[in-house]
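Here is the structure we will look at, set down as C-alpha coordinates.
The values are calculated or read from the model by the stated rules, or taken from the named source; none is laboratory data. Quantities reported herein were computed from a predicted structural model and do not represent experimental measurements. Heads up, the Cβs are rebuilt from the backbone with ideal geometry, glycines too, and the neighbour counts pull from every protein chain shown.
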Amino acid sequence: MPLEPAIYADRRRRLMQRMGDRASAVFFAAPEAVRSNDTHFDYRQSSDLLYLTGFEEPEAALVLLPGHEKHPVVWFVRKRDREREVWDGPRAGPEGVKERFGADEAFPIEELEAKLPEMLEGRERVHVALGHHPDRDALVVRAIGRAKTVAKKGKRVPREIHDPSLLLHEMRLFKTGAELEALRRAVQVSADAHLRAMKATKPGVGEWEIQAEVEYAFRRAGARAPGYTTIAGSGPNACVLHYVENRRRMQEGDLLLLDAGAEVDHYTGDITRTWPVSGTFTAAQREVYDLVLQAQREVIRMVKPGLRYADMHDAAVRVLTQGLVDRKAIEGPVEKAIEDKTFRAFYMHGTGHWLGMDVHDVGAYHVDEASRPLEPGMVFTVEPGLYFSPDDPRSPSRWKGIGVRIEDDVLVTETGCEILSKAAPVDPDRIQEVVGTGV
(Lines give C-alpha, C1' and ligand atoms only; values in the text may rest on other atoms or scores of the structure.)
Protein backbone atom coordinates (compact mmCIF):
# COMPACT_ATOMS: atom_id res chain seq x y z
CA MET A 1 0.00 0.00 0.00
CA PRO A 2 2.21 2.92 -1.22
CA LEU A 3 1.86 6.27 0.49
CA GLU A 4 -0.52 8.83 -0.97
CA PRO A 5 0.90 11.50 -3.37
CA ALA A 6 -0.22 14.21 -0.96
CA ILE A 7 2.23 12.91 1.65
CA TYR A 8 5.18 13.37 -0.70
CA ALA A 9 3.93 16.81 -1.74
CA ASP A 10 3.75 17.86 1.91
CA ARG A 11 7.31 16.64 2.50
CA ARG A 12 8.55 18.70 -0.44
CA ARG A 13 6.64 21.71 0.82
CA ARG A 14 8.10 21.44 4.32
CA LEU A 15 11.62 20.95 2.98
CA MET A 16 11.34 24.00 0.73
CA GLN A 17 10.07 26.06 3.65
CA ARG A 18 13.20 25.10 5.58
CA MET A 19 15.42 25.90 2.61
CA GLY A 20 14.02 29.40 2.03
CA ASP A 21 13.09 31.15 -1.22
CA ARG A 22 16.66 31.98 -2.24
CA ALA A 23 17.75 28.35 -2.24
CA SER A 24 17.55 25.46 -4.68
CA ALA A 25 18.07 21.72 -4.37
CA VAL A 26 19.00 18.87 -6.68
CA PHE A 27 18.34 15.22 -5.82
CA PHE A 28 19.45 12.39 -8.07
CA ALA A 29 18.06 8.89 -8.49
CA ALA A 30 20.30 6.03 -7.41
CA PRO A 31 22.35 4.62 -10.29
CA GLU A 32 21.72 1.12 -11.52
CA ALA A 33 24.41 -1.39 -10.50
CA VAL A 34 25.73 -4.16 -12.74
CA ARG A 35 25.71 -7.60 -11.14
CA SER A 36 27.59 -9.35 -13.92
CA ASN A 37 28.06 -8.73 -17.62
CA ASP A 38 24.70 -7.37 -18.83
CA THR A 39 22.55 -8.15 -15.77
CA HIS A 40 21.82 -5.72 -12.95
CA PHE A 41 21.11 -5.97 -9.25
CA ASP A 42 17.47 -5.47 -8.31
CA TYR A 43 17.00 -1.71 -8.44
CA ARG A 44 16.41 0.25 -5.24
CA GLN A 45 15.81 3.98 -5.44
CA SER A 46 17.72 6.52 -3.34
CA SER A 47 15.90 6.85 -0.03
CA ASP A 48 16.08 10.65 -0.11
CA LEU A 49 14.41 10.76 -3.52
CA LEU A 50 11.88 8.13 -2.43
CA TYR A 51 11.06 10.17 0.67
CA LEU A 52 10.30 13.24 -1.43
CA THR A 53 8.57 11.59 -4.38
CA GLY A 54 7.81 7.86 -4.12
CA PHE A 55 9.34 7.58 -7.61
CA GLU A 56 11.13 4.27 -8.25
CA GLU A 57 12.69 4.65 -11.70
CA PRO A 58 16.43 5.16 -12.31
CA GLU A 59 17.95 7.99 -14.38
CA ALA A 60 16.03 10.81 -12.76
CA ALA A 61 16.66 14.09 -10.98
CA LEU A 62 14.42 16.30 -8.86
CA VAL A 63 15.05 20.06 -8.76
CA LEU A 64 13.34 22.13 -6.06
CA LEU A 65 13.01 25.89 -6.50
CA PRO A 66 11.22 27.31 -3.44
CA GLY A 67 9.08 30.34 -4.16
CA HIS A 68 9.12 29.92 -7.94
CA GLU A 69 5.88 31.34 -9.33
CA LYS A 70 5.30 28.67 -11.96
CA HIS A 71 7.31 25.52 -11.25
CA PRO A 72 8.89 25.05 -7.81
CA VAL A 73 9.04 21.27 -8.43
CA VAL A 74 10.84 20.24 -11.62
CA TRP A 75 11.60 16.69 -12.73
CA PHE A 76 14.04 15.24 -15.20
CA VAL A 77 13.20 11.64 -16.11
CA ARG A 78 13.62 9.08 -18.87
CA LYS A 79 11.54 9.67 -21.99
CA ARG A 80 8.86 7.20 -22.92
CA ASP A 81 10.40 4.59 -25.22
CA ARG A 82 8.11 1.93 -26.61
CA GLU A 83 10.94 -0.42 -27.57
CA ARG A 84 12.69 -0.28 -24.18
CA GLU A 85 9.37 -0.52 -22.34
CA VAL A 86 8.67 -3.82 -24.10
CA TRP A 87 11.83 -5.17 -22.46
CA ASP A 88 12.00 -3.31 -19.14
CA GLY A 89 8.44 -2.25 -18.33
CA PRO A 90 6.57 1.06 -18.50
CA ARG A 91 8.14 4.44 -17.79
CA ALA A 92 6.34 7.45 -16.40
CA GLY A 93 7.98 9.89 -18.78
CA PRO A 94 7.80 13.69 -18.34
CA GLU A 95 4.04 13.79 -18.70
CA GLY A 96 3.57 10.90 -16.30
CA VAL A 97 5.47 12.55 -13.46
CA LYS A 98 3.35 15.67 -13.92
CA GLU A 99 0.15 13.66 -13.84
CA ARG A 100 0.99 11.20 -11.06
CA PHE A 101 3.98 12.40 -9.05
CA GLY A 102 3.35 16.10 -8.48
CA ALA A 103 5.83 17.67 -10.90
CA ASP A 104 5.03 21.27 -11.88
CA GLU A 105 7.29 20.90 -14.90
CA ALA A 106 9.21 17.96 -16.36
CA PHE A 107 11.83 17.31 -19.02
CA PRO A 108 13.82 14.38 -20.40
CA ILE A 109 16.84 13.55 -18.24
CA GLU A 110 19.13 14.30 -21.19
CA GLU A 111 18.21 17.99 -20.85
CA LEU A 112 19.29 18.36 -17.22
CA GLU A 113 22.73 19.78 -17.90
CA ALA A 114 21.42 22.31 -20.42
CA LYS A 115 18.51 23.55 -18.32
CA LEU A 116 19.94 23.46 -14.77
CA PRO A 117 22.13 26.62 -15.05
CA GLU A 118 19.14 28.78 -15.93
CA MET A 119 17.13 27.27 -13.08
CA LEU A 120 19.87 28.23 -10.63
CA GLU A 121 19.79 31.89 -11.62
CA GLY A 122 18.33 33.99 -8.84
CA ARG A 123 19.32 31.42 -6.21
CA GLU A 124 21.99 31.97 -3.56
CA ARG A 125 22.39 28.37 -2.40
CA VAL A 126 22.32 24.92 -3.94
CA HIS A 127 21.48 21.98 -1.69
CA VAL A 128 23.07 18.88 -3.20
CA ALA A 129 24.80 15.80 -1.79
CA LEU A 130 28.36 15.75 -3.09
CA GLY A 131 30.99 13.05 -2.90
CA HIS A 132 28.94 10.03 -3.94
CA HIS A 133 29.05 10.14 -7.75
CA PRO A 134 31.81 12.25 -9.36
CA ASP A 135 30.00 12.63 -12.67
CA ARG A 136 26.97 14.16 -10.95
CA ASP A 137 29.15 16.38 -8.77
CA ALA A 138 30.81 17.67 -11.92
CA LEU A 139 27.46 18.31 -13.62
CA VAL A 140 26.23 20.46 -10.72
CA VAL A 141 29.52 22.35 -10.46
CA ARG A 142 29.43 23.08 -14.19
CA ALA A 143 25.85 24.31 -13.88
CA ILE A 144 26.81 26.66 -11.04
CA GLY A 145 29.74 27.92 -13.09
CA ARG A 146 27.54 28.64 -16.09
CA ALA A 147 24.93 30.31 -13.91
CA LYS A 148 27.59 32.70 -12.62
CA THR A 149 28.06 34.17 -16.10
CA VAL A 150 24.98 36.32 -15.49
CA ALA A 151 26.27 37.72 -12.19
CA LYS A 152 27.75 40.74 -13.92
CA LYS A 153 24.25 41.63 -15.11
CA GLY A 154 23.18 42.07 -11.51
CA LYS A 155 21.41 38.75 -11.13
CA ARG A 156 21.72 36.69 -7.96
CA VAL A 157 23.64 33.44 -8.51
CA PRO A 158 24.61 30.53 -6.23
CA ARG A 159 27.60 31.24 -4.01
CA GLU A 160 27.13 28.37 -1.57
CA ILE A 161 26.69 24.60 -1.73
CA HIS A 162 24.87 23.05 1.22
CA ASP A 163 24.48 19.43 2.27
CA PRO A 164 20.71 18.73 2.04
CA SER A 165 20.97 16.08 4.74
CA LEU A 166 21.14 18.79 7.41
CA LEU A 167 17.49 19.58 6.67
CA LEU A 168 16.10 16.49 4.97
CA HIS A 169 17.53 13.87 7.30
CA GLU A 170 16.20 15.70 10.31
CA MET A 171 12.76 15.41 8.73
CA ARG A 172 13.26 11.71 8.01
CA LEU A 173 14.25 11.05 11.62
CA PHE A 174 10.69 11.59 12.88
CA LYS A 175 7.98 9.14 11.82
CA THR A 176 4.28 9.98 11.94
CA GLY A 177 0.99 9.00 10.35
CA ALA A 178 1.04 6.85 7.22
CA GLU A 179 4.83 6.66 7.33
CA LEU A 180 4.73 5.09 10.78
CA GLU A 181 2.03 2.68 9.64
CA ALA A 182 4.27 1.54 6.78
CA LEU A 183 7.08 0.96 9.25
CA ARG A 184 4.73 -0.99 11.51
CA ARG A 185 3.79 -3.24 8.59
CA ALA A 186 7.45 -3.85 7.77
CA VAL A 187 8.24 -4.77 11.37
CA GLN A 188 5.20 -7.05 11.65
CA VAL A 189 6.16 -8.94 8.47
CA SER A 190 9.69 -9.23 9.84
CA ALA A 191 8.44 -10.59 13.17
CA ASP A 192 6.19 -13.14 11.47
CA ALA A 193 9.16 -14.35 9.42
CA HIS A 194 11.28 -14.82 12.55
CA LEU A 195 8.53 -16.92 14.10
CA ARG A 196 8.38 -19.03 10.93
CA ALA A 197 12.16 -19.48 11.03
CA MET A 198 12.04 -20.67 14.64
CA LYS A 199 9.43 -23.27 13.75
CA ALA A 200 11.52 -24.48 10.79
CA THR A 201 14.73 -24.90 12.79
CA LYS A 202 16.11 -28.31 13.70
CA PRO A 203 19.48 -30.07 13.52
CA GLY A 204 20.52 -30.84 9.96
CA VAL A 205 18.75 -27.87 8.40
CA GLY A 206 20.99 -25.53 6.41
CA GLU A 207 21.42 -21.87 7.25
CA TRP A 208 20.41 -21.18 3.65
CA GLU A 209 17.12 -22.97 4.25
CA ILE A 210 16.32 -20.67 7.15
CA GLN A 211 17.16 -17.70 4.93
CA ALA A 212 14.80 -19.12 2.30
CA GLU A 213 11.99 -19.55 4.84
CA VAL A 214 12.43 -15.96 6.03
CA GLU A 215 12.54 -14.39 2.60
CA TYR A 216 9.64 -16.53 1.41
CA ALA A 217 7.61 -15.13 4.31
CA PHE A 218 8.66 -11.60 3.35
CA ARG A 219 7.59 -11.98 -0.26
CA ARG A 220 4.40 -13.85 0.53
CA ALA A 221 3.33 -11.01 2.83
CA GLY A 222 3.91 -8.43 0.11
CA ALA A 223 7.36 -7.15 1.06
CA ARG A 224 9.38 -5.81 -1.83
CA ALA A 225 12.57 -7.47 -0.63
CA PRO A 226 14.73 -7.89 2.48
CA GLY A 227 15.71 -4.49 3.84
CA TYR A 228 19.30 -5.78 4.10
CA THR A 229 21.17 -9.03 3.57
CA THR A 230 19.79 -11.74 5.84
CA ILE A 231 22.17 -13.01 8.55
CA ALA A 232 21.56 -16.63 9.55
CA GLY A 233 24.60 -17.60 11.59
CA SER A 234 24.69 -20.89 13.45
CA GLY A 235 27.31 -22.21 15.88
CA PRO A 236 30.57 -20.25 15.50
CA ASN A 237 29.04 -18.15 12.70
CA ALA A 238 26.86 -16.43 15.31
CA CYS A 239 30.04 -14.77 16.55
CA VAL A 240 30.59 -13.03 13.20
CA LEU A 241 28.61 -9.80 13.38
CA HIS A 242 27.78 -9.46 9.69
CA TYR A 243 27.95 -13.09 8.59
CA VAL A 244 25.94 -13.40 5.36
CA GLU A 245 27.29 -16.52 3.62
CA ASN A 246 24.61 -18.72 5.23
CA ARG A 247 26.20 -21.95 3.98
CA ARG A 248 26.60 -24.05 7.11
CA ARG A 249 24.37 -26.96 8.08
CA MET A 250 23.14 -26.54 11.66
CA GLN A 251 24.05 -29.09 14.28
CA GLU A 252 22.69 -30.35 17.59
CA GLY A 253 23.85 -28.02 20.37
CA ASP A 254 24.20 -24.94 18.12
CA LEU A 255 22.62 -21.57 18.59
CA LEU A 256 21.17 -19.84 15.52
CA LEU A 257 21.41 -16.06 15.34
CA LEU A 258 18.95 -14.65 12.78
CA ASP A 259 19.14 -10.95 11.87
CA ALA A 260 16.55 -10.21 9.19
CA GLY A 261 14.07 -7.51 8.24
CA ALA A 262 11.54 -6.98 5.46
CA GLU A 263 11.16 -3.83 3.38
CA VAL A 264 7.50 -2.88 2.97
CA ASP A 265 6.41 0.31 1.19
CA HIS A 266 10.01 1.57 1.31
CA TYR A 267 10.40 1.06 5.10
CA THR A 268 12.32 -1.76 6.73
CA GLY A 269 12.13 -3.78 9.89
CA ASP A 270 15.28 -4.96 11.68
CA ILE A 271 14.95 -7.80 14.16
CA THR A 272 17.48 -10.22 15.63
CA ARG A 273 16.63 -13.31 17.63
CA THR A 274 18.89 -16.10 18.87
CA TRP A 275 17.62 -19.59 19.66
CA PRO A 276 18.82 -23.17 20.20
CA VAL A 277 18.79 -25.35 17.11
CA SER A 278 17.82 -28.38 19.18
CA GLY A 279 14.96 -26.52 20.85
CA THR A 280 16.55 -26.34 24.30
CA PHE A 281 19.22 -23.94 25.57
CA THR A 282 22.22 -25.53 27.25
CA ALA A 283 23.09 -24.13 30.67
CA ALA A 284 25.96 -22.09 29.19
CA GLN A 285 23.83 -20.77 26.33
CA ARG A 286 21.04 -19.79 28.69
CA GLU A 287 23.50 -17.99 30.96
CA VAL A 288 24.69 -15.79 28.09
CA TYR A 289 21.18 -15.35 26.66
CA ASP A 290 19.75 -14.23 29.99
CA LEU A 291 22.51 -11.67 30.44
CA VAL A 292 21.93 -10.15 27.00
CA LEU A 293 18.17 -10.12 27.57
CA GLN A 294 18.69 -8.41 30.94
CA ALA A 295 20.70 -5.67 29.24
CA GLN A 296 18.11 -5.20 26.51
CA ARG A 297 15.20 -5.02 28.95
CA GLU A 298 17.04 -2.48 31.07
CA VAL A 299 17.58 -0.23 28.05
CA ILE A 300 13.98 -0.50 26.84
CA ARG A 301 12.73 0.21 30.36
CA MET A 302 14.60 3.54 30.28
CA VAL A 303 13.29 4.78 26.93
CA LYS A 304 11.22 7.95 27.10
CA PRO A 305 11.39 11.50 25.75
CA GLY A 306 14.36 13.39 27.13
CA LEU A 307 16.63 10.38 27.60
CA ARG A 308 19.91 10.99 25.80
CA TYR A 309 20.71 8.50 23.07
CA ALA A 310 24.15 7.65 24.46
CA ASP A 311 22.64 6.80 27.85
CA MET A 312 21.12 3.67 26.34
CA HIS A 313 24.46 2.29 25.22
CA ASP A 314 26.00 3.18 28.57
CA ALA A 315 23.24 1.28 30.37
CA ALA A 316 23.71 -1.82 28.21
CA VAL A 317 27.46 -1.71 28.71
CA ARG A 318 27.05 -1.49 32.48
CA VAL A 319 24.68 -4.48 32.68
CA LEU A 320 26.83 -6.62 30.39
CA THR A 321 30.09 -5.62 32.07
CA GLN A 322 28.67 -6.33 35.53
CA GLY A 323 27.56 -9.74 34.30
CA LEU A 324 30.93 -10.52 32.75
CA VAL A 325 32.79 -9.49 35.91
CA ASP A 326 30.42 -11.45 38.14
CA ARG A 327 30.99 -14.54 36.01
CA LYS A 328 34.75 -13.97 35.95
CA ALA A 329 34.84 -13.61 32.15
CA ILE A 330 36.74 -10.32 32.55
CA GLU A 331 38.56 -8.75 35.47
CA GLY A 332 36.87 -6.15 37.66
CA PRO A 333 36.04 -3.93 39.25
CA VAL A 334 33.20 -2.95 36.94
CA GLU A 335 34.14 0.75 36.73
CA LYS A 336 37.66 -0.09 35.64
CA ALA A 337 36.46 -2.66 33.12
CA ILE A 338 34.20 0.00 31.60
CA GLU A 339 36.93 2.65 31.65
CA ASP A 340 39.46 0.28 30.06
CA LYS A 341 36.82 -1.05 27.66
CA THR A 342 37.79 -4.66 28.37
CA PHE A 343 34.15 -5.60 27.76
CA ARG A 344 34.74 -4.84 24.06
CA ALA A 345 36.41 -8.21 23.63
CA PHE A 346 32.90 -9.65 23.72
CA TYR A 347 30.61 -6.65 23.06
CA MET A 348 32.17 -4.61 20.27
CA HIS A 349 29.25 -2.76 18.67
CA GLY A 350 26.73 -0.08 19.59
CA THR A 351 23.41 -0.78 21.25
CA GLY A 352 21.27 0.42 18.36
CA HIS A 353 20.67 2.77 15.44
CA TRP A 354 17.89 4.79 13.84
CA LEU A 355 15.44 2.80 11.73
CA GLY A 356 13.24 3.83 8.81
CA MET A 357 13.64 3.82 5.04
CA ASP A 358 17.18 2.54 5.54
CA VAL A 359 18.08 -0.15 8.03
CA HIS A 360 20.76 2.19 9.42
CA ASP A 361 18.56 5.21 8.95
CA VAL A 362 19.58 8.83 8.72
CA GLY A 363 19.57 11.43 11.49
CA ALA A 364 22.18 12.93 13.77
CA TYR A 365 23.01 11.14 17.02
CA HIS A 366 24.58 14.29 18.47
CA VAL A 367 23.33 17.88 18.54
CA ASP A 368 25.62 20.73 19.55
CA GLU A 369 28.33 18.19 20.36
CA ALA A 370 26.12 16.41 22.91
CA SER A 371 24.20 13.16 22.62
CA ARG A 372 20.71 14.16 21.47
CA PRO A 373 17.67 13.60 23.69
CA LEU A 374 14.96 11.25 22.48
CA GLU A 375 11.72 12.72 21.15
CA PRO A 376 8.36 11.20 20.17
CA GLY A 377 8.35 9.79 16.66
CA MET A 378 11.92 8.53 16.70
CA VAL A 379 12.33 4.84 15.88
CA PHE A 380 15.50 2.89 16.64
CA THR A 381 16.79 -0.56 17.44
CA VAL A 382 17.92 -1.87 20.81
CA GLU A 383 20.37 -4.69 20.16
CA PRO A 384 22.91 -5.66 22.82
CA GLY A 385 24.90 -8.82 22.26
CA LEU A 386 27.76 -11.00 23.47
CA TYR A 387 30.07 -12.96 21.20
CA PHE A 388 32.64 -15.54 22.33
CA SER A 389 34.57 -16.57 19.26
CA PRO A 390 36.05 -20.07 19.46
CA ASP A 391 39.25 -18.61 17.97
CA ASP A 392 39.63 -15.93 20.65
CA PRO A 393 41.83 -17.07 23.57
CA ARG A 394 40.05 -14.53 25.79
CA SER A 395 36.74 -16.40 25.45
CA PRO A 396 35.87 -18.44 28.57
CA SER A 397 36.02 -22.13 27.69
CA ARG A 398 32.41 -22.79 28.69
CA TRP A 399 31.18 -20.04 26.33
CA LYS A 400 33.43 -20.61 23.31
CA GLY A 401 31.41 -20.53 20.10
CA ILE A 402 28.39 -18.84 21.69
CA GLY A 403 27.07 -15.69 20.05
CA VAL A 404 23.84 -14.01 21.19
CA ARG A 405 22.18 -10.83 19.95
CA ILE A 406 18.63 -9.71 20.73
CA GLU A 407 17.28 -6.81 18.69
CA ASP A 408 13.93 -5.05 18.82
CA ASP A 409 12.50 -2.03 17.01
CA VAL A 410 11.32 0.68 19.39
CA LEU A 411 9.17 3.79 18.88
CA VAL A 412 9.45 6.72 21.27
CA THR A 413 5.98 7.82 22.40
CA GLU A 414 4.80 10.83 24.40
CA THR A 415 5.14 8.96 27.68
CA GLY A 416 7.62 6.17 27.03
CA CYS A 417 8.04 3.71 24.19
CA GLU A 418 6.35 1.01 22.16
CA ILE A 419 8.12 -2.20 21.13
CA LEU A 420 7.05 -2.57 17.49
CA SER A 421 8.63 -6.02 17.11
CA LYS A 422 7.12 -7.71 20.16
CA ALA A 423 5.39 -10.35 17.99
CA ALA A 424 8.75 -12.08 17.58
CA PRO A 425 9.27 -14.21 20.70
CA VAL A 426 12.09 -13.11 22.99
CA ASP A 427 11.31 -14.91 26.24
CA PRO A 428 13.62 -17.97 26.33
CA ASP A 429 10.94 -20.32 27.63
CA ARG A 430 8.53 -19.26 24.88
CA ILE A 431 11.29 -19.67 22.28
CA GLN A 432 11.90 -23.25 23.45
CA GLU A 433 8.18 -23.97 23.02
CA VAL A 434 8.25 -22.77 19.42
CA VAL A 435 11.53 -23.99 17.93
CA GLY A 436 11.23 -27.04 15.70
CA THR A 437 7.44 -27.31 15.77
CA GLY A 438 7.23 -27.05 11.96
CA VAL A 439 5.85 -24.44 9.59
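Among residues of region 51-62 that are at positive phi, those with a beta-carbon under 7 Å from a residue that is among the basic types (Lys, Arg) at least six positions away or on a different chain give the pairs GLU59/ARG78. When PHE388 is tested against (1) crowded, with 22+ Cβ neighbours inside 10 Å; (2) under 23 Å from HIS353 (Cβ atoms), exactly one condition is not met: (2). Taking the numbered list (1) free of Cβ contacts under 8 Å to residues at least 60 places away in the same chain; (2) over 21 Å from HIS313 (Cβ atoms); (3) crowded, with 19+ Cβ neighbours inside 10 Å in turn, THR351 passes all entries but (2). Looking at GLU179, GLU213, GLU209, just one residue is part of a helix (DSSP H, G or I), in contact with a Phe, Trp or Tyr (Cβ under 9 Å, 6 or more places away or on another chain) and assigned by TED's automatic domain parsing to the domain that holds GLY253, and that residue is GLU179. Residues of region 197-226 that are among the hydrophobic types (A, V, I, L, M, F, W, C) and either closer than 17 Å to ASP254 by Cα or surrounded by 17 or more Cβ atoms within 10 Å (Cβ to Cβ) (or both): ALA197, MET198, ALA200, VAL205, TRP208, ILE210, VAL214, ALA217, PHE218, ALA223.
Restricting attention to region 29-44 and to residues that are closer than 25 Å to GLU113 by Cα and under 19 Å from the mean Cα position of the chain (by Cα), the residue that is surrounded by the most Cβ atoms within 10 Å (Cβ to Cβ) turns out to be ALA29. Report, ordered by the first and then the second residue, all pairs with beta carbons closer than 9 Å, sequence separation of six or more or different chains, a first member in region 166-189 that is at positive phi and touching a residue at least 24 places away in the same chain (Cβ under 8 Å), and a second member that is part of a helix (DSSP H, G or I) and surrounded by fewer than 22 Cβ atoms within 10 Å (Cβ to Cβ). If the second residue must be part of a helix (DSSP H, G or I) and surrounded by fewer than 22 Cβ atoms within 10 Å (Cβ to Cβ), the pairs left are GLY177/ILE7. Of all residues in region 323-354, those that are in a loop (DSSP other than H, G, I, E, B) and in contact with a helix residue (DSSP H, G or I) (Cβ under 8 Å, 6 or more places away or on another chain) total 11. With respect to the conditions (1) in a loop (DSSP other than H, G, I, E, B); (2) within 24 Å of TYR289 (Cβ to Cβ), MET357 lacks only one, and its number is (2).
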